[in-house]
1. For a protection proxy built on the mean count of beta-carbon atoms within 10 angstrom, sort 128-141, 16-29 highest first, please.
2. Once you order the gyration tensor axes a ≥ b ≥ c over the Cα atoms, which shape class does the stretch 164-214 get: rounded for a/c under 1.5, otherwise prolate or oblate by comparing a/b with b/c?
3. With springs connecting C-alpha atoms under 10 Å apart, model the chain as a Gaussian network and identify which of V250, V360, V44 has the largest mean-square fluctuation.
4. Can you compute the charge dipole magnitude of the chain about its Cα centre, using +1 on each Lys and Arg Cβ and -1 on each Asp and Glu Cβ, nothing else charged? Give it in debye, rounded to the nearest 20.
5. With a point put 7 Å past each Cα toward its Cβ, work out how far S355 is from N279 in nm, to one decimal.
6. Check cross-link reach from K432 to the lysines: straight Cα distance under 19 Å, and skip same-chain residues fewer than eight apart.
7. Compute the relative contact order of the stretch 1-87 as a whole-number percentage, counting only Cα pairs closer than 8 Å that sit 6 or more residues apart in sequence.
8. How do D8, D169 stack up against each other in accessible area, from largest to smallest, with a 1.4 angstrom probe?
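The values are calculated or read from the model by the stated rules, or taken from the named source; none is laboratory data. Computed from a predicted model, the values in this text were never measured in an experiment. No Cβ is skipped: glycine too gets one built from the backbone with ideal geometry, and neighbour counts run over all protein chains shown. What goes into the accessible areas is simple: the full protein's heavy atoms, side chains included, and nothing from ligands, DNA or RNA. Shrake-Rupley method; radii C 1.70, N 1.55, O 1.52, S 1.80 Å.
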Amino acid sequence: MGINIALDGPSGAGKSTIAKMLAKKMQYVYVDTGALYRSIAYYVISKGVDPKDSDSVVPLLEDVNVQLTYADDAQHVMLNGEDVSDKIRTPEVSMGASVVSAIPAVREFLFALQQNIAKENNIIMDGRDIGTVVLPNADVKVFLTATAEERANRRFKELSEKGDSSTYDEVLRDIIQRDYNDTHREIAPLKKADDAVEVDSTHLSLEESVEEIYKIITEKTAGTKQEGKRKIRQLPKVDPVVKGKKLSPVKMFFYRILGLIVMGIFKMYYNLSFEGRENVPTDGSNIFASNHRSYTDPVLIALPTRVPCTYMAKEELFKQNIFFKWLITAFGAFPVTRGNGDTAVIDTSIEKLNSGKNLVIFPEGTRSKDGTVGKGKTGVALIAALAQVPVIPVGINFEGKLKFRKKIIVRFGKPISPEELNITSANPRELKRLKGIIMDEITKLVY
């Protein structure tokens with residue numbers, strides 16, 4: 001988990017410039033949330049839609065893929081594959097960003113992206129609701145402000161240097177109007193967090209503002225353990241797994257013998273039956289996505305398969321006695337750090353699929369005591385999107401607690417092909433859609 005610095009304040013206070021300088025000074029990742037909203041506004045305006053018309057703006061989000069990339073120590077805003085870093089800095093787009101940021105669907109669209117970046121990195125994130133909404137548990141919160149006149153003067157000079165013809169009076173009116181919009185919107189209005197430190201930069205130079213905030217950050221993070229200065233991790237591009245890889249005949253032989261033995265033991269102990277076995281692929285490199293009822297779930301899913309399965313297990317299980325660690329590892333488990341944005345598990349999962357093994361995932365993350373299927377997380381969608389492999393939904397059914405001769409029904413649904421999922425990218429909105437499809441299919445298999 002990285003250290004998170006939230007830098008909030010009104011338009012023109014110098015947040016972006018100061019955040020960039022601090023990030024470079026501290027070797028942190030800089031996240032310009034304003035650029036994300038500007039990119040939405042730019043797209044809306046380019047389509048001839050009024051940013052105030054939320055009914056027309058929301059449908060356009062379906063066609064938006066916005067990403068932050070880093071090259072030569074500079075952030076670039078990519079909108080549907082186009083670098084719009086310079087195009088989103090006009091007064092018209094600035095006002096549009098203030099308007100679209102008040103639309104709940106737009107905020108939800110960008111919220112997951114912002115939080116995922118913060119989980120994985122030591123970051124400085126600037127905006128208007130970072131300390132109050134996006135990162136309420138940030139390690140340090142700073143509210144940077146200045147008078148409207150001083151902010152307008154700074155913005156006017158910046159625009160003039162870029163050849164913009166806007167007058168000082170026009171810029172000042174925009175600043176005042178945007179202040180009003182930002183502080184009066186119903187959703188996440190601009191305000192100072194209760195635990196934020198306010199810095200008034202009206203009479204401070206740029207360098208003095210940076211040093212003042214740097215001092216606040218270092219004092220508040222003194223003694224905080226930093227687990228490395230990590231650069232932002234770019235998700236791999238879609239790279240389809242090549243199915244058909246054969247595992248060692250010897251391993252396959254012992255796997256089938258072991259499967260028969262375990263199947264016999266489980267059927268003696270439980271009243272166990274399987275439905276939809278015809279839906280279980282005979283080859284490997286498939287994802288089995290299931291609801292989660294008990295610690296026996298991985299075995300129940302693996303029993304009808306002809307190819308070995310591997311599955312994620314919380315890292316705490318690997319810290320128990322050596323024998324147990326050896327046992328679960330031998331049966332294909334690999335550790336995952338829950339709640340910390342453990343992205344290495346994505347690489348491991350795809351590596352297992354590429355080796356020809358199946359991958360078992362429990363999207364809910366935790367066991368359900370009453371059998372109710374939860375909303376699930378997007379990890380299964382991300383791996384399916386990147387690997388482009390079939391997803392077989394599974395429903396594990398039993399009432400109450402698992403005990404001797406308990407009736408258990410394991411249902412396998414029809415494989416969902418990459419074509420059926422219609423995977424187009426790995427952006428947060430797309431992953432949410434894919435996760436919804438998969439969880440719906442799992443739910444159908446659970447009584």
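1. On the way: 128-141: 21.4, 16-29: 19.3.
Most protected by this proxy first, the peptides run 128-141, 16-29.
2. Working: a/c = 3.28, a/b = 1.13, b/c = 2.92.
Because a/c hits 1.5 or more and a/b fails to exceed b/c, the stretch 164-214 counts as oblate.
3. V250
4. Values: 62 positive and 57 negative charges, 643 e Å.
For this selection, approximately 3080 debye.
5. 2.8 nm
6. K119, K237, K375, K377, K444
7. Reported relative contact order: 17 percent.
8. The most accessible residue leads, giving D169, D8.
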